[in-house]
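Working notes for the structure below.
The values are calculated or read from the model by the stated rules, or taken from the named source; none is laboratory data. The shown structure was predicted, so the numbers you read here are calculated from the model rather than taken from an experiment. Positions of Cβ are generated from backbone atoms using ideal geometry, with glycine treated the same way; all protein chains shown enter the neighbour counts. Accessible surface areas use protein heavy atoms only, side chains included; no ligands, DNA or RNA. Shrake-Rupley method; radii C 1.70, N 1.55, O 1.52, S 1.80 Å.
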Amino acid sequence: MNENENHSSGIIKKSDLIFAQYKTMYTVLESSLQLSAEQIIETMLDSGLRGRGGAGFPTAKKWQAAASVPAVQRFVICNADEGEPGTFKDKAILRQVPRKVLTGMALCAKAIQATEGYIYLRAEYRNLADELQAHIDIFHEYCDRFKLDFRVKIFMGQGAYVCGEETALIESMEGKRGEPRNKPPFPTEVGYLGKPTVVNNVETFATAMIIFKVGASEYKKLGTPDSRGSKLFSVSGDTRKPGVHELELGMSLYDFVKEFGDGDTKAVQVGGAAGMCVPRREFKNTIIGFEGVPTGGSMILFNSKRSMYNVLHNYLDFFNQESCGQCTPCRVGCQQLLLGTEAVKKGEKDTVYLEQLIRLTETMRIGSKCGLGRSVGNAFNSIVENFKEEILY
Amino acid sequence: MPESSITENRFEKEIVSRAIDQFGCDRENLLPVLGFIRDEHRYLSIEIMREVASRFNMSSAEVYGVASFYHFLPTEPRGKNLISVCKTIVCDMHGRADVVAVIQDMLKINFDQTTADSNFSLQAVNCIGCCDEAPAMLINDKPYTKLDATRTREILKRYYP
Ligand SMILES: Cc1cc2nc3c(=O)[nH]c(=O)nc-3n(C[C@H](O)[C@H](O)[C@H](O)COP(=O)(O)O)c2cc1C
Ligand code: SF4
Ligand code: FES
């Protein structure tokens, strides 16, 4: 390792909280269950944890909301649909530290008085199911021992990116097409089977457990005021170090690229196909976190050999296929963006047509029902605006 | 076709019954039931969807509507082994085309087709969460990563009848 690397790893703050292996079984769960529901939520509030699935909603507020709605039954759902291109960190968590996830779910169950939980596991991760089930069986024994009335089941997804959206996920669990619902009402009010439901990302639950292990005040020393803690990043593309890395939030993209780039990084797609493409000249003033460019953890690096037209085309093809088709702006918009981009490339439409397509993404942002249609413009606009020549010629 | 439909229906009834015995027939059990049948029968035939519909007290069009929404609930016959090659950007950047070329050359099929001996079907899928080891594919539920022409050829042979 040369000095440069040493230096940069001082700026890129690495952590090892999520994958730390503990020798004892469920001791954090046992001690945390001594706390009242209010105290659990209080600790979560204090930690400042924001959801790790991408949208960054304060986790404590979500738990609080579900707890406050009068109901005879409530549900805890772990979102393991992980379909965003370039994301694979939830898979790593479920494989390496499933007990952390189950503990996080149990703490949520205690906080909102739920007795049933589900892990919605994407079809593509089915090879994880047997081992995960074995962990769940042991977990249930500990729940009994600690007198926690809570059971977790795996629910297998059947392949649809949009089912990662929490209301589509719930529809899917209810045996329907995975079409997102209107919000409000939010799942915390009307969720699975109409009952108050907390849906959190795999990493969010794992992190909740860590907060109870190290304490909220220790945990929030990491990161920045807007983006507390550390987070997992799925790093792929043209990188020297592909894989899952735990980093403190609030770093600059420049420092990130220094650590992970191949020396020739032209752009980074932050947040997957639904995220933003950041060109090299913006690396220095781009902060990774909720105060800058937020991300569910997908970081795809492109070097100067890559055609950004191909990148854009690949994303548009993806959205076109994965749009549930329920609302017109998204269904037709995705088609038109794909066809329009191809037409511009072939010279069948002239340059100004791109402006029209950008306006279309604005319509989609306003007129679409869920985050899929609303976020297509992120990648489209950032690629078209920063790499116009590559789209045209 | 009354004769054959009676015998066939017996088979459909049996498989759907077994699925429902295991999961139940409330609406929220529909996906697990369809998944179970897919595992046993590889795909959801019209007769099976009709049977499921009657047991769930739904219209068969609605069962079809649900099944057709999901990439992994096929409503057309498919082979014993399903090859799902990732076509998303990172795999695309790292040689997905070579992998596909080898598969198509060995099996003589295109995407969404099944080999004559019904041993393989091929489909292109979106990101399967193996991007750090791209290019990647699934054969049935098993992921194979860091593929190149040689490795793909060798892996495929393991699934020959
Ligand atoms: C199209 C779409 C796909 C999504 N996919 C996922 C996913 O795979 N995993 C996930 O945790 N959240 C996903 N989300 C976000 C969820 O709707 C939800 O915000 C999240 O599960 C909440 O968990 P968190 O607060 O712990 O992040 C997706 C959202 C949209 C709009
Ligand atoms: S925005 Fe797209 S994916 Fe979302 S509900 Fe509308 S059509 Fe479906
Ligand atoms: S892009 Fe192929 S596995 Fe993610």
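Give the residue that is farthest from ligand 3 (Cβ to nearest atom), with candidates limited to residues of the stretch A:321-341 that are farther than 20 Å from A:Val384 by Cβ and out of contact with any Phe, Trp or Tyr (no Cβ under 9 Å at 6 or more places or on another chain).
Step by step, filter the stretch A:321-341, then rank; the result is A:Thr328.
Kindly evaluate A:Leu148 against the criterion of being part of a loop (DSSP other than H, G, I, E, B) and at negative phi.
On the way: part of a loop (DSSP other than H, G, I, E, B): yes; at negative phi: yes.
Answer is yes for this residue.
Exactly one of (1) out of contact with any Leu (no Cβ under 6 Å at 6 or more places or on another chain); (2) away from chain B (no Cβ under 14 Å) is unmet by A:Thr103. Its number?
Checking A:Thr103 against (1) out of contact with any Leu (no Cβ under 6 Å at 6 or more places or on another chain); (2) away from chain B (no Cβ under 14 Å), the one that fails is (1).
I'm checking my understanding of the structure. Among residues of the stretch A:339-375 that are away from ligand 1 (no atom under 16 Å from the Cβ) and under 25 Å from the mean Cα position of the chain (by Cα), which one is surrounded by the most Cβ atoms within 10 Å (Cβ to Cβ)? Please lay out each step first, then the result.
If we filter the stretch A:339-375 for residues that are away from ligand 1 (no atom under 16 Å from the Cβ), which is where we start, we get A:339-360, A:362-363.
Next, only the ones that are under 25 Å from the mean Cα position of the chain (by Cα) stay: A:362-363.
Numbers: A:Glu362: 11, A:Thr363: 15.
The residue in question is A:Thr363.
Would you point out the residue of the stretch B:115-147, among those that are among the polar types (S, T, N, Q) and buried (at least 23 other Cβ atoms within 10 Å of the Cβ), that is farthest from the other protein chains (Cβ to nearest Cβ)?
The initial filter retains those residues of the stretch B:115-147 that are among the polar types (S, T, N, Q), namely B:115, B:118-119, B:121, B:123, B:126, B:140, B:145.
Of the ones still in play, those that are also buried (at least 23 other Cβ atoms within 10 Å of the Cβ) are B:121, B:126.
Numbers: B:Ser121: 14, B:Asn126: 6 Å.
It comes out as B:Ser121.
When both residues are 6+ apart or on different chains and their Cβ atoms are under 7 Å apart, which pairs have a first residue that lies in the stretch A:14-37 and is more than 25 Å from A:Phe260 (Cα to Cα), and a second that is among the basic types (Lys, Arg)?
Every condition considered, the pairs that remain are A:Tyr26/A:Arg99; A:Val28/A:Lys213; A:Leu33/A:Lys110; A:Ala37/A:Lys110.
So in the stretch B:64-73, with the set limited to residues that are at the interface with another protein chain (Cβ under 8 Å from one of its Cβ atoms) and open to solvent by less than 20 Å² (accessible area, probe 1.4 Å), which one is farthest from B:Lys146 (Cα to Cα)? I'd like the intermediate steps shown before the answer.
As a first pass, look at the stretch B:64-73 and keep what is at the interface with another protein chain (Cβ under 8 Å from one of its Cβ atoms): B:65-66, B:69-73.
Now narrow it down to the ones that are open to solvent by less than 20 Å² (accessible area, probe 1.4 Å): B:65-66, B:70, B:73.
Numbers: B:Gly65: 36, B:Val66: 34, B:Tyr70: 27, B:Leu73: 27 Å.
Ranking the candidates gives B:Gly65 first.
Yes/no per residue for (1) more than 16 Å from ligand 3 (Cβ to nearest atom); (2) in a strand (DSSP E or B); (3) polar (S, T, N, Q); (4) buried (at least 20 other Cβ atoms within 10 Å of the Cβ):
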{"site": "A:Val152", "(1), (2), (3), (4)": "yes, yes, no, yes"}
{"site": "A:Cys163", "(1), (2), (3), (4)": "yes, no, no, yes"}
{"site": "A:Thr167", "(1), (2), (3), (4)": "yes, no, yes, yes"}
{"site": "A:Glu171", "(1), (2), (3), (4)": "yes, no, no, yes"}
{"site": "A:Lys176", "(1), (2), (3), (4)": "yes, no, no, no"}
{"site": "A:Arg181", "(1), (2), (3), (4)": "yes, no, no, no"}
{"site": "A:Pro184", "(1), (2), (3), (4)": "yes, no, no, no"}
{"site": "A:Glu189", "(1), (2), (3), (4)": "yes, no, no, no"}
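Is it true that some residue in the stretch A:342-354 is in contact (Cβ under 8 Å) with a residue 60 or more places away in the chain and either away from ligand 3 (no atom under 16 Å from the Cβ) or of a type in the set (Val, Ile, Thr) (or both)? Before the answer, list the steps.
Looking only at the stretch A:342-354, we keep the residues that are in contact (Cβ under 8 Å) with a residue 60 or more places away in the chain, and these are none.
No - not one qualifying residue is present in the stretch A:342-354.
Kindly evaluate A:Lys220 against the criterion of being touching a Gly at 6+ places or on another chain (Cβ under 6 Å), open to solvent by 10 Å² or more (accessible area, probe 1.4 Å) and within 25 Å of A:Trp63 (Cα to Cα).
Yes, satisfied.
Report, by residue number, each residue of the stretch B:20-29 that is part of a helix (DSSP H, G or I), open to solvent by 30 Å² or more (accessible area, probe 1.4 Å) and either touching a Lys or Arg at 6+ places or on another chain (Cβ under 6 Å) or more than 10 Å from every other protein chain (Cβ to nearest Cβ) (or both).
B:Asp21, B:Gln22, B:Phe23
Of A:Gly191, A:Gly237, A:Gly243, A:Gly289, which residue is outside the structural domain of A:Lys61 (by TED's automatic domain parsing) and closer than 26 Å to A:Gln64 by Cβ? Break it down stepwise before answering.
Numbers: A:Gly191 fails: outside the structural domain of A:Lys61 (by TED's automatic domain parsing); A:Gly237 fails: closer than 26 Å to A:Gln64 by Cβ; A:Gly243 fails: closer than 26 Å to A:Gln64 by Cβ.
Result of the check over A:Gly191, A:Gly237, A:Gly243, A:Gly289: A:Gly289.
Conditions tested, residue by residue: (1) of a type in the set (D, E, K, R); (2) buried (at least 22 other Cβ atoms within 10 Å of the Cβ); (3) within 11 Å of chain B (Cβ to nearest Cβ).
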{"residue": "A:Val270", "(1), (2), (3)": "no, yes, no"}
{"residue": "A:Ala273", "(1), (2), (3)": "no, yes, yes"}
{"residue": "A:Glu282", "(1), (2), (3)": "yes, no, no"}
{"residue": "A:Ile287", "(1), (2), (3)": "no, no, no"}
{"residue": "A:Glu291", "(1), (2), (3)": "yes, no, no"}
{"residue": "A:Pro294", "(1), (2), (3)": "no, no, no"}
{"residue": "A:Gly297", "(1), (2), (3)": "no, yes, no"}
{"residue": "A:Ile300", "(1), (2), (3)": "no, yes, yes"}
{"residue": "A:Val311", "(1), (2), (3)": "no, yes, yes"}
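Counting only residues that are within 11 Å of ligand 2 (Cβ to nearest atom), touching a residue at least 24 places away in the same chain (Cβ under 8 Å) and over 21 Å from the mean Cα position of the chain (by Cα), how many does the stretch A:293-327 have?
Adding up the residues that qualify gives 2.
Residue-wise test of (1) open to solvent by 60 Å² or more (accessible area, probe 1.4 Å); (2) more than 8 Å from every other protein chain (Cβ to nearest Cβ).
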{"site": "B:Arg18", "(1), (2)": "yes, yes"}
{"site": "B:Leu31", "(1), (2)": "no, no"}
{"site": "B:Arg50", "(1), (2)": "yes, yes"}
{"site": "B:Thr75", "(1), (2)": "no, yes"}
{"site": "B:Val90", "(1), (2)": "no, no"}
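Pairs only if they're at least six apart or on different chains, beta carbon under 6 angstrom, first in the stretch B:105-126 and within 25 Å of A:His313 (Cβ to Cβ), second in a helix (DSSP H, G or I); list them, first residue then second.
B:Asn126/A:Phe318
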